[in-house]
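These notes concern the structure reproduced below.
The values are calculated or read from the model by the stated rules, or taken from the named source; none is laboratory data. Note that this is a predicted model, so its numbers are computed, not measured. All Cβ positions, even for glycine, are placed from backbone atoms using ideal geometry, and neighbour counts span all protein chains on display.
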Amino acid sequence: MSGVPLSWWLVLATALFGIGALGVVTRRNALVVLMSLELMLNGVNVAFLAFARARGDSLAHAAVFIVMAVAAAEVAVGLALAIALFRHGGNVDLDRARRMKG
Amino acid sequence: MTAEVVVFWVLAVATVAGALCVVLPPMGRNPLHAAIALLATFFFLSGLFVLLSAHLVAVLQVLVYAGAVMVLFTFVVMLLNLRRHELAGPRPTLFKALGAAAVLAVTTKVAMVVAAALADAPAAADLPDGFGGGRDVAGNLLIDYLVPFELTSILLLVAIVGALAIARRTPGGEPDRAPGGDA
């Protein structure tokens with residue numbers, strides 16, 4: 001029925017995860033880093049759903065639901081941290097936030 | 001090529017392009033532009049989820065990500081109102097170059113291994129009636145995964161309280177904005 005092979009879906013998931021990880025590693029604006037984290041989580045969701053489709057088992061959909069809830073919580077706390085960072089330094093530049101650097 | 005494959009390619013290319021727009025400096029330099037690219041990426045992903053017969057998850061993707069999360073992002077971007085010199089692109093350093101190279105190497109390797117290992121895996125099983133619909137997923141969540149589902153609500157409560165505690169203005173505290181200082 002589905003003409004798209006499982007491996008293509010997983011390559012797409014890996015690409016999304018990799019692009020997100022690239023953003024987390026290289027960007028220094030805290031907001032863009034949070035957006036990149038969302039991309040990584042969405043890549044994981046694609047992999048979950050692709051396996052669910054290939055196995056005909058929808059248990060993974062519940063896992064995706066929980067990943068979404070965790071992502072929403074993560075964004076709320078992350079953006080609160082960005083606001084706190086901005087209050088202290090006047091910017092959200094992660095390269096300049098080094099008060100907690102050892 | 002079947003219609004499904006064509007739709008997959010269109011949506012997959014659009015998704016990856018949107019994700020690259022979020023991450024790479026030309027567009028991602030301005031957080032608001034990055035947020036809009038992320039919004040487009042979420043919509044394309046929702047289309048991909050429909051292609052995977054995950055109808056409820058596709059709806060949730062639009063509601064939760066394209067709705068709630070993006071509102072939060074744009075709200076904070078506009079609240080902070082960053083000035084132009086604060087919107088510089090990534091500052092290249094040795095560590096970042098090493099990190100980017102490591103990420104690229106690992107993800108390329110993983111993609112190659114996965115593609116080779118699953119090259120002749122069955123693409124799709126026969127789907128039961130109502131696969132991925134509300135009744136199906138709700139049964140999973142409220143019967144098989146009831147405890148994680150309830151723990152999720154506690155997590156959200158903790159996140160709300162934590163976000164309020166972190167972002168609260170400390171009474172009589174430091175000056176609101178001290179440009180140039182270390183955070």
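Is it the case, given these coordinates, that A:Val44 is more than 7 Å from chain B (Cβ to nearest Cβ), in contact with a helix residue (DSSP H, G or I) (Cβ under 8 Å, 6 or more places away or on another chain), surrounded by fewer than 23 Cβ atoms within 10 Å (Cβ to Cβ) and over 28 Å from B:Gly132 (Cα atoms)?
Here the answer is no, as A:Val44 does not meet what is asked.
Having 3 or more residues that are of a type in the set (Phe, Trp, Tyr) is the bar; report the helices (runs of 4 or more DSSP H) wholly within chain A that clear it. Even if it seems obvious, please write down each step before you answer.
On the way: elements: A:6-26, A:30-55, A:59-89.
Once the helices (runs of 4 or more DSSP H) in chain A are filtered for at least 3 residues that are of a type in the set (Phe, Trp, Tyr), what remains is A:6-26.
Counting only residues that are among the polar types (S, T, N, Q) and more than 9 Å from chain A (Cβ to nearest Cβ), how many does region B:29-69 have?
Looking only at that region, the number is 2.
Out of B:Leu32, B:Leu56, B:Leu79, report the one residue that is surrounded by fewer than 17 Cβ atoms within 10 Å (Cβ to Cβ), assigned to a helix (DSSP H, G or I) and over 16 Å from the mean Cα position of the chain (by Cα).
On the way: B:Leu32 fails: over 16 Å from the mean Cα position of the chain (by Cα); B:Leu56 fails: surrounded by fewer than 17 Cβ atoms within 10 Å (Cβ to Cβ).
The match here is B:Leu79.
If A:Ser58 satisfies all but one of (1) out of contact with any Phe, Trp or Tyr (no Cβ under 8 Å at 6 or more places or on another chain); (2) within 7 Å of chain B (Cβ to nearest Cβ), what's the number of the condition it fails?
(1)
Got at least one residue in region A:11-18 being of a type outside the set (Ser, Thr, Tyr), under 30 Å from B:Thr2 (Cα atoms), more than 7 Å from every other protein chain (Cβ to nearest Cβ) and touching a residue at least 24 places away in the same chain (Cβ under 8 Å)? Can you show your working first?
Keep residues of region A:11-18 that are of a type outside the set (Ser, Thr, Tyr), which gives A:11-13, A:15-18.
Of the ones still in play, those that are also under 30 Å from B:Thr2 (Cα atoms) are A:11-13, A:15-18.
Next, from what is left, pick out any that are more than 7 Å from every other protein chain (Cβ to nearest Cβ): A:13.
Going one step further and asking which of them are touching a residue at least 24 places away in the same chain (Cβ under 8 Å), we end up with A:13.
Checked against the condition, which is being of a type outside the set (Ser, Thr, Tyr), under 30 Å from B:Thr2 (Cα atoms), more than 7 Å from every other protein chain (Cβ to nearest Cβ) and touching a residue at least 24 places away in the same chain (Cβ under 8 Å), region A:11-18 yields at least one hit.
Would you point out which residue out of B:Gly99, B:Gly67, B:Gly162, B:Gly173 is modelled with pLDDT under 85 and of a type outside the set (A, V, I, L, M)?
Just a single option satisfies the conditions, and that option is B:Gly173.
Consider region B:139-165. How many of its residues are surrounded by 12 or more Cβ atoms within 10 Å (Cβ to Cβ), assigned to a helix (DSSP H, G or I) and at the interface with chain A (Cβ under 9 Å from one of its Cβ atoms)?
Here the count works out to 15.
On the basis of being of a type in the set (Val, Ile, Thr), touching a residue at least 60 places away in the same chain (Cβ under 8 Å) and touching a helix residue (DSSP H, G or I) at 6+ places or on another chain (Cβ under 8 Å), does B:Val57 make the cut?
Spelling it out, B:Val57 is indeed of a type in the set (Val, Ile, Thr), touching a residue at least 60 places away in the same chain (Cβ under 8 Å) and touching a helix residue (DSSP H, G or I) at 6+ places or on another chain (Cβ under 8 Å).
Would it be correct to say that A:Leu81 is buried (at least 21 other Cβ atoms within 10 Å of the Cβ) and closer than 25 Å to B:Gly162 by Cα?
Taking the combined requirement at face value, the residue does not satisfy it.
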